Each structure stands twice: as structure tokens, then as C-alpha cells.
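Since every read-out is calculated from the coordinates, none of them should be taken as a lab result. All figures in this text were calculated on a predicted structure; none of them were measured in a lab. When we count neighbours, we look across all protein chains shown, and the Cβ atoms used for this are built from the backbone with ideal geometry, even at glycine.
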Amino acid sequence: MLDTDEKTITEAVLRAGTHGSDQRFRTVLDAVVRHLHELVREVSLTESEWAAAIGFLTRTGQLCTPERQEFILLSDVLGVTMLVDAVAHRRSRTATENSVLGPFYRSNRPSFDDGADISAGLPGTPLSVHLTVVDTDGVPVPGAAVDVWHADGDGHYDSDIPGIEGAAMRGLFHTSAEGRASFSTISPAPYPIPDDGPVGALMRASGRSVMRPGHLHVRIGAPGFAPLTTMLFREDDPYLDSDPVFGVKASLLTRYESDGDGETLRHTFVLDRE
């Protein structure tokens, strides 16, 4: 490792890690080292630029708390979260596509009977949701656990709304013998990702929108099937083409049909067998 230069430093670092016993760890770390070193060489990174990058990462870590994960947000806006998801969940052509879980999922959500109202009385446009779960042959999947959660008409989740006791706009349902589940709620609106930290500064410097299109989160699990985590987006939302976390997919666009005083959403989810 003596007398390294800009061309030999990479191999020196890689050789230094050959004694580790975890082969997968070595494979990943070696790739990180190679790509990071190549980045430095490709852009001729300056000392002040590297110091700025370290400062950015430091501020990102300092902002993380049990309630806020700025590093996950950074992963989201860089497209890494969706890329990892795409690699980890390669679906068959006919199965419903995955999307990001997001930071607002709660495992301690309440369970509801079919047809329940999960809006907790919050104001907004009434929304009637009718979901069907089938396998890739179109056969209904009974007893599937269907988690749903979403923001209100102002783009706020229940954890951000003062005065909310317990949960609102979230719940757990189970499909009927016909693979169906339904509930009432209010229509979700677009909302901005947190932009008061380092990630927000990055978005402004990049000239990118921080607005997520309105969506309904859905997470489905059933014995013998690959779990599905996805979202449904309004097909007429103005922010579909600029989602900062790259979660929008054409197959996840849905039509909200007007039914007088409110709206109705219908969608069929297709699960892959494990």
C-alpha cells in the first residue's frame, strides 16, 4: 500500500479488505469503493466539494430522529429506494407492480369490517373504495390482508393533524370469499415531501418539484403469495410526471369517478405466487 497515486489507490483499498470473512459484505463494499473512486476521477472532485458533500451527509444524519428519517428521504429522491425495490421485487408481467412503502405506514393500525368508514370524520370529498385481489389466473384471493393508508384533502397524514386521537385514513381489511374489500374515506390530495432539511436544499439546487401526486397506499399479504406494497394514483393528478420519489407507474394510475357528492375508486390487484 506504499506510494499510491490516483490510479493505484483503488486497488490498494480493495486489497486491504480481502481478509474479511463475509463474502457478500466484501462484494458490496468493493463495488462501493470502485464506483466512488471512479466518480472522484470522472468529475475531478475538489477538496472543497468533497468537504461540502461530507457536510451535507453530516447534516442529513443529524436531522434523523425516530419520527423523521432524512436518509430514507435522500434515498427516495435519488431514486435508490425505487431501484432497490425493482431489483428485489421482479414481478411477472401480469402481476401488480410494487412502489415505495413511504414513511407513514404504521403496524399498529386498527382493523375494520368490510365497508367501514376510516375517515374518522375528517372533512374532505367522500371517497368510496372497492378493491379486488386475484392471482395471475384471475382467481380471487380470499382472506388477504389489505392495509390502506393515505393523506387527507390538504395532504396531511393523521400523524400531522392536531387533535387526532388514534388513527385516521388508515386501516386493515381482509378480502371476502370473492377477493373483495371495500371502505369509505376521503379523497387524498398531493403534498410536499419535507423540504426544510438537506434533502430540500438538494431539491431546490436541482430545480426539482417537492410535490408528490395524490395517492392511496396499499399493502397486501396472503399465504402462498408474494407480498405487495404499492400505491394508486389519480390519473389526472398534475404532479404525476414530477414525483420526487419516482413512485409513479402507468399501471398504478386510477380513475376517480364522480358519483354526485363524492368519488368512487375501483381497482383490481394481481398477486404473484411465491
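For the pair SER92/ALA116, report the inter-label distance in nm, with labels modelled 7 Å from Cα in the Cβ direction.
3.2
In nm, give the distance between the simple-model label positions of GLU38 and LYS7, each being 7 Å from the Cα along the Cα-to-Cβ direction.
1.8
Divide, for the stretch 1-45, the radius of gyration over alpha carbons by 2.2 N^0.38 Å, where N is the residue count. Write down the numbers at each step before the final one.
Working: Rg = 11.4 Å, N = 45, 2.2 N^0.38 = 9.3 Å.
Here the answer is 1.21, to two decimals.
Once fully extended, how much extra length lies between THR27 and ASP241, figured as 0.36 nm per residue of separation less the alpha-carbon to alpha-carbon distance?
On the way: separation 214, 0.36 × 214 = 77.04 nm, distance 3.54 nm.
Taking THR27 through ASP241 to full extension adds about 73.5 nm, to one decimal.
Just the projected area, averaged over all directions, of the convex hull on the alpha carbon atoms of the stretch 198-274: how many nm²?
Values: hull surface 29.1 nm².
Value for the stretch 198-274: 7.3 nm².
Does anyone have the angle between helix 47-63 and the longest principal axis of the chain? Alpha-carbon axes, 0 to 90°, nearest 10?
That helix lies at roughly 40 degrees to the long axis.
As an exercise, find the ratio Rg/Rh for the chain from alpha-carbon atoms, using the Kirkwood inverse-distance average for Rh.
Numbers: Rg = 22.3 Å, Rh = 21.2 Å.
Taking Rh as the inverse mean 1/r over Cα pairs, Rg/Rh reads 1.05.
For the stretch 1-133, what does the relative contact order come out to in percent, with C-alpha contacts under 8 Å and a separation of six or more? Don't jump to the answer; show the numbers that get you there.
Values: 33 pairs, mean separation 12.8, N = 133.
It rounds to 10 percent for the stretch 1-133.
Could you tell me the center-to-center distance, by alpha carbons, between the stretch 183-211 and the stretch 47-65 in angstrom?
Centre-to-centre (Cα) distance: 21 Å.
Using only alpha carbon pairs under 8 Å that are at least six residues apart, calculate the relative contact order of the stretch 193-238 and give it in whole percent.
Details: 42 pairs, mean separation 13.7, N = 46.
Dividing the mean separation by the residue count of the stretch 193-238 yields 30 percent.
Report, for the chain, the % of DSSP beta bridges that are antiparallel, rounded to 5. Write down the numbers at each step before the final one.
Working: 30 of 43 bridges.
Of all bridge pairs located within the chain, approximately 70 percent are antiparallel.
As an exercise, use a Förster radius of 41 Å and the Cβ-Cβ distance of HIS19 and SER48 to find the FRET efficiency, rounded to the nearest 0.05.
Numbers: r = 35 Å, r/R0 = 0.85.
It comes to 0.75.
Taking the chain as a Gaussian network, where each spring joins two C-alpha atoms under 10 Å apart, which residue of ALA52, ALA86, ALA226 fluctuates the most?
Of ALA52, ALA86, ALA226, the Gaussian network model singles out ALA52 as fluctuating most.
For n ≥ 4 DSSP H runs only, could you compute -39500 (n - 2.57) per run for the chain, divide by its residues and tell me the 222 nm figure to the nearest 500?
Numbers: 6 runs with 72 residues, N = 274.
Value at 222 nm, helices only: -8000 deg cm²/dmol.
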